[in-house]
Amino acid sequence: QVQLVESGGGLVQPGGSLRLSCAASGSMFSIYAMGWYRQAPGKQRELVASITSGGSTVSADSVKGRFTISRDTAKNTVYLQMNSLKPEDTAVYYCNAQATLVGSMSNYWGQGTQVTVSS
C-alpha cells in the first residue's frame, strides 16, 4: 500500500503562482514515476506533468513554460510549481504514483487538492 498526501492548493488570481506538494509513504515500495493530473468540472482527468525516478519529465502542452515538476527522491515527494496561472488552470489536481511492491506495479492516487484561478 502506498499513500499519497497532497498540499498547496488554493485560490489565486490570474498571473499568480502556487506550489503543490505530494508525499508518498507506506510499506516498502519502489516508485517508477510520480506526476500530477487535473480534472475540471465536466471534463476528463488529464495529465499535467510527470517525472520518473531517473528524472525524465513530460508535461502537457498547455502548461509548458509555466509549470515545472520536480522531485526529492529521498523524501518520495514531488512538487509542481505553477506560475502565470490562468482561469483555465482551475481544476482539482491529483497526485499520481506508479510504484512497484515486489514485482507488482500499481497506480496510486491522492485525494486531490483544489486549485482555483479567478479574479
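Points worth noting:
- When the residues of the stretch 53-81 are filtered to those that are basic (Lys, Arg) and surrounded by 14 or more Cβ atoms within 10 Å (Cβ to Cβ), the one that is nearest to residue 111 (Cα to Cα) is 71.
- The lone criterion from (1) more than 30 Å from residue 118 (Cα to Cα); (2) among the charged types (D, E, K, R); (3) under 14 Å from the mean Cα position of the chain (by Cα) left unmet by residue 75 is number (3).
- Qualifying residue in the stretch 96-105 (condition: modelled with pLDDT of 95 or more, part of a strand (DSSP E or B) and open to solvent by 80 Å² or more (accessible area, probe 1.4 Å)): no
- Looking across the stretch 1-52 at every residue that is part of a loop (DSSP other than H, G, I, E, B) and of a type in the set (Lys, Arg), the one that is surrounded by the most Cβ atoms within 10 Å (Cβ to Cβ) is identified as 45.
The values are calculated or read from the model by the stated rules, or taken from the named source; none is laboratory data. Just so we're clear, the structure is a prediction, and the values are computed from it rather than from any experiment. So basically every Cβ, Gly included, is an ideal-geometry build from the backbone, and we count neighbours across all protein chains shown. Side chains included, ligands, DNA and RNA excluded: accessible areas come from the protein's heavy atoms. Shrake-Rupley method; radii C 1.70, N 1.55, O 1.52, S 1.80 Å.
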